[in-house]
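**Student:** For reference, the structure I am asking about is given below.
No value in this document is a laboratory result; all are computed from the given coordinates. Computed from a predicted model, the values in this text were never measured in an experiment. Positions of Cβ are generated from backbone atoms using ideal geometry, with glycine treated the same way; all protein chains shown enter the neighbour counts.
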Amino acid sequence: MNKKTHAVGTVVQAFGNLLHVRFEGAIKQGEVAHIRLGEEALLAEVIEIAGDEAKVQVFEDTHGVKLNTPVRFSGHLLEAELGPGLLTSIFDGLQNPLEKVANETGIYLTRGVYLPPLDRTKKWEFTPVAHVGDTLSRGDTLGFVMEGRFKHLIMVPFSQFGQVKITHMAKAGAYTIDAEIARSDDLVFTMVQRWPVKSALFEGKRESPTRMMDTGLRILDTQFPVLKGGSFCSPGPFGAGKTVMQHHLSKYSSVDIVVIVACGERAGEVVEVLRTFPELTDPHTGEPLMCRTAMICNTSSMPVAAREAAVYMGATIAEYYRQMGLDVLLLADSTSRWAQAMREMSGRLEEIPGDEAFPAYLASRITSFYERAGELLLKSGKRGSLTIGGSVSPAGGNFEEPVTQASLLVVGAFHGLSRTRSDARRYPAVDPLISWSRYLKPVGAELDAKFPQWAAKVKLAATLLGRGDEIGKRMEVVGEEGVTIDDMVVYLKAELYDFCYLQQNAFDKEDAYCPLDRQMEMFGVIQKIFEKRFAFDVHDAARAFFLTLQNELKNINFLPYKSHHYADAMRAVIKKIDGGT
Ligand SMILES: Nc1ncnc2c1ncn2[C@@H]1O[C@H](COP(=O)(O)OP(=O)(O)O)[C@@H](O)[C@H]1O
Ligand SMILES: [Mg+2]
């Protein structure tokens, strides 16, 4: 749009960060507006238009805004800037680079300070791929730069619908992101492009996900697995371990790129993330973890409106890397904060509230967020995937609330954390009796090839847990002696499986991460125990035997993973089982 045609307006009413603006000219839904307060220009977004008045949501603290404060509309939607340098960055929901903002202003986020998301001065070694005369379309590769160990493709902008004929290509060499690297008759291409964050960015053929994303968490990989390109949610009460689990996933999941959206529950939690994350190393490569990470953080100084943006910003950056044929994981902690932002805004707009005062469109927003996940077959023939995992923090841990329910309708796997488990320090507190995964079947098919009857055995293990739980509950009423010894043994097997296999201490050096092959070895030993018919004649003997076994198995878990040590220790345990009746 031509600059001169941008609409202008003035504030006629203010209600928290919701402004009514009377304007002249044409504006559109979602358009970005700038509220002019002297030197400051507060960023805002159009959320409702009626006649010559618009409701505009400001992303920042609005003190000082008064009647007739001037407003300038920008002609574009809230966009992400996409290009080399996104990795290692920490942004806020509006893509301000937080570290740079901090350097510039001394504190985190002074109102009205916006900085370009990507470094304008850094030079990147560009290698052209396209040629003069090529006819290309959105997402096609013009060239690439190396962003750490990743080949960052410089692609024809996704906003460019229709074909472009290349008339000029830059030679290989070092360029800043704003330098021209290619041209068509009427367009100049640089290394940066922009995309409206609320629209899904994808070009290619959507395919059903088939490849497992292993996480190194036994309870997930074995019982409730996730596929690359799939989605999952982890609701749980406060303190149940959602954040710890998301951090684990960001470190260990078998993906190329991780995008983290942190909307902290506690004051200081996000600052903690900001401080600790850059110091971590990638367990798979030994490089700093940030080299494959982009982070979107909400600081507590930002009002709720920016939280909503953060989730979309993260999704857009993640989708952009998927287009390069990479496997990307987007983690959002916590999506409840995002939903609350919607609720607050909806309240101010005096919309008719739905369940628990959330807006009626809550479920559709949550659905369209998770539906941005997926596996793509790209034009290049490569596959890229975006996996999305969100935590949910329902008040009181009650899963009947709208955010959890809406998430459950759309995700492929549900990892429900329970207070009972976290109180008993059974970590990760994913409750195996309520959790599920729709990906169990395809993962089973993949793993059956490596471990005979994997899928069937996993199913049996799940059944055993259910029976164990039921017998445990009965024992609480009638005591151990009130159930048969056979039932008692089933209960003890289930407990053993829980303690020695499903539980994992996130802070244990050896056991925090359990690769798949190790999971299979451990599962094999547990299977031997499951399949064995033990013939005890007193309850006490059964309990004593299983406790010894449990201790022994736990010791193995914590041994450094050297397969020969491991195998020796395992053999000793198996011998014990065989002799133990
Ligand atoms: N896998 C785990 N292993 C050991 N401790 C854990 C684990 N998960 C959670 N915890 C403990 O629970 C505490 C709260 O976890 P956190 O992830 O912050 O909860 P939430 O995000 O659900 O509020 C952690 O500080 C840690 O002490
Ligand atoms: Mg948390």
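**Student:** Kindly state, to the nearest 0.05, the FRET efficiency for residue 122 paired with residue 76, given R0 = 30 Å and r defined as their beta-carbon distance. Each step should come with its number before you reach the end.
**Tutor:** On the way: r = 25 Å, r/R0 = 0.83.
Between residue 122 and residue 76 the formula returns 0.75.
**Student:** While we're here: What is the Rg over Rh value, at two decimals, for segment 205-436, using alpha-carbon atoms and the Kirkwood definition of Rh? List each step's numbers first, then the result.
**Tutor:** Values: Rg = 16.9 Å, Rh = 17.8 Å.
Expressed as Rg/Rh, it is 0.95.
**Student:** Using a basic spin-label model with each label point 7 Å from the Cα along Cα→Cβ, how many nm lie between residue 179 and residue 276?
**Tutor:** 4.1 nm
**Student:** Could you check the spin-label model distance between residue 188 and residue 266? Points 7 Å from the Cα along Cα→Cβ, value in nm.
**Tutor:** With each label placed 7 Å out from Cα toward Cβ, I get 5.1 nm.
**Student:** Kindly state, to the nearest 0.05, the FRET efficiency for residue 477 paired with residue 420, given R0 = 25 Å and r defined as their beta-carbon distance.
**Tutor:** Once rounded, the FRET efficiency stands at 0.90.
**Student:** Still on this structure, I have one more. So for segment 167-230, Kirkwood radius off the Cα pairs, Stokes-Einstein at 37 °C and 0.692 mPa s: how many µm² s⁻¹?
**Tutor:** Values: Rh = 16.2 Å.
The diffusion coefficient I find is 203 µm²/s.
**Student:** GluC sites (Glu not before Pro) within segment 328-408: which are DSSP loop residues with at most 11 other Cβ atoms inside 10 Å? All intermediate terms of the calculation are to be shown ahead of the outcome.
**Tutor:** Working: sites: 344, 350, 351, 356, 371, 375, 400; in loops: 350, 351, 371, 400.
Passing both the DSSP loop test and the Cβ count: 350, 400.
**Student:** For the chain, what does -39500 (n - 2.57) per DSSP helix run (n ≥ 4), summed and divided by total residues, give at 222 nm, in deg cm²/dmol to the nearest 500? Numbers along the way, then the final one.
**Tutor:** Details: 14 runs with 181 residues, N = 581.
Mean residue ellipticity at 222 nm (helix-derived): -10000 deg cm²/dmol.
**Student:** While we're looking at this one, here's another question. Starting with the fewest neighbours, write out 39, 31, 24 ranked by other beta-carbon atoms found within 10 Å of each beta-carbon. Present the calculation step by step, with values, prior to reporting the outcome.
**Tutor:** Values: 39 6, 31 23, 24 11.
Sorted ascending by nearby Cβ count, the order is 39, 24, 31.
**Student:** Distance cut-off 28 Å, Cα to Cα: go down the list 251/532; 205/459; 28/122; 171/382; 382/459 and report the pairs above it. Mind showing how you got there, number by number?
**Tutor:** Details: 251/532 37 Å; 205/459 33 Å; 28/122 35 Å; 171/382 26 Å; 382/459 34 Å.
Violating the 28 Å limit, Cα to Cα: 251/532; 205/459; 28/122; 382/459.
**Student:** With no solvent and one equal point scatterer per Cα, compute the Debye intensity ratio I(q)/I(0) for segment 454-579 at 0.10, 0.14, 0.23 Å⁻¹ and report its log10, rounded to two decimals.
**Tutor:** Debye output, listed in q order: -0.32, -0.63, -1.44.
**Student:** Would you mind calculating the gained length between residue 205 and residue 149 on full extension (0.36 nm times residue separation, minus the Cα-Cα distance), in nm to one decimal?
**Tutor:** Numbers: separation 56, 0.36 × 56 = 20.16 nm, distance 2.63 nm.
Taking 0.36 nm per residue and subtracting the Cα distance, the gain is 17.5 nm.
**Student:** Cα gyration tensor of segment 393-488, axes a ≥ b ≥ c as square roots of the eigenvalues: rounded (a/c below 1.5), prolate (a/b > b/c) or oblate?
**Tutor:** Working: a/c = 2.59, a/b = 1.10, b/c = 2.34.
Verdict is oblate for segment 393-488.
**Student:** Compute the FRET efficiency between residue 460 and residue 367 as 1/(1 + (r/R0)^6), taking r as their Cβ-Cβ distance and R0 = 45 Å, and round to the nearest 0.05. Mind showing how you got there, number by number?
**Tutor:** Working: r = 34 Å, r/R0 = 0.75.
Efficiency, rounded to the nearest 0.05: 0.85.
**Student:** What is the fewest-to-most order of 316, 243 by other Cβ atoms lying within 10 Å of their Cβ?
**Tutor:** Details: 316 26, 243 22.
The most exposed by this proxy come first: 243, 316.
**Student:** What are the semi-axes of the equivalent ellipsoid of segment 336-379, taken as the square roots of 5 times the eigenvalues of the Cα gyration tensor, listed largest first and rounded to whole Å?
**Tutor:** Details: eigenvalues 163, 16, 14 Å².
Each semi-axis is √(5λ); the values are 29, 9, 8 Å.
**Student:** Specify whether the C-alpha gyration tensor of segment 30-84 places it in the rounded, prolate or oblate class, a ≥ b ≥ c being the square roots of the eigenvalues: rounded for a/c under 1.5, otherwise prolate if a/b is larger than b/c and oblate if not. Working shown, then result.
**Tutor:** On the way: a/c = 2.21, a/b = 1.28, b/c = 1.74.
The shape class here is oblate.
**Student:** Also: Is segment 326-418 rounded, prolate or oblate when judged by the Cα gyration tensor, a ≥ b ≥ c being the square roots of its eigenvalues, rounded requiring a/c under 1.5 and prolate requiring a/b larger than b/c?
**Tutor:** Working: a/c = 2.79, a/b = 1.77, b/c = 1.57.
Because a/c hits 1.5 or more and a/b exceeds b/c, segment 326-418 counts as prolate.
**Student:** Report the rotationally averaged projected area of the chain based on its alpha-carbon convex hull, in square nanometres.
**Tutor:** 28.9 nm²
**Student:** Another question, if that's okay. Sort 41-49, 514-522, 229-237 by the packing proxy (mean of other Cβ within 10 Å over each peptide's residues), most packed first.
**Tutor:** On the way: 41-49: 20.4, 514-522: 17.2, 229-237: 27.4.
The packing order, highest mean first, is 229-237, 41-49, 514-522.
**Student:** Straight-line reach from residue 165: which lysines have a Cα under 19 Å away, not including same-chain ones fewer than 8 places off?
**Tutor:** Leaving aside lysines fewer than 8 places away in the same chain, those within reach of residue 165 are 379.
**Student:** What's the center-to-center distance, using Cα atoms, between segment 39-95 and segment 202-252 in Å?
**Tutor:** 33 Å
**Student:** Sticking with this one: For the residue pair residue 68 and residue 165, what label-to-label distance in nm results when each label sits 7 Å from Cα along the Cα-to-beta-carbon direction?
**Tutor:** It works out to 5.6 nm between the two label points.
**Student:** Another one. Would you mind ranking 436, 338 by Cβ crowding within 10 Å, fewest neighbours first? Before the final figure, lay out each step's value.
**Tutor:** Values: 436 17, 338 27.
Ranked by crowding around the Cβ, least crowded first: 436, 338.
**Student:** Using modelled amide H (1.01 Å from N, peptide plane; none on Pro or chain starts), what sits under 5 Å from the amide H of residue 327, excluding residues fewer than 5 places away?
**Tutor:** It is 256, 257, 385, by chain and number.
**Student:** I've got another one for you. For residue 576 and residue 433, compute 0.36 nm times the residue count separating them, minus their Cα-Cα distance, and round to one decimal in nm. Before the final figure, lay out each step's value.
**Tutor:** On the way: separation 143, 0.36 × 143 = 51.48 nm, distance 2.96 nm.
That pair, residue 576 and residue 433, stretches by 48.5 nm at full extension.
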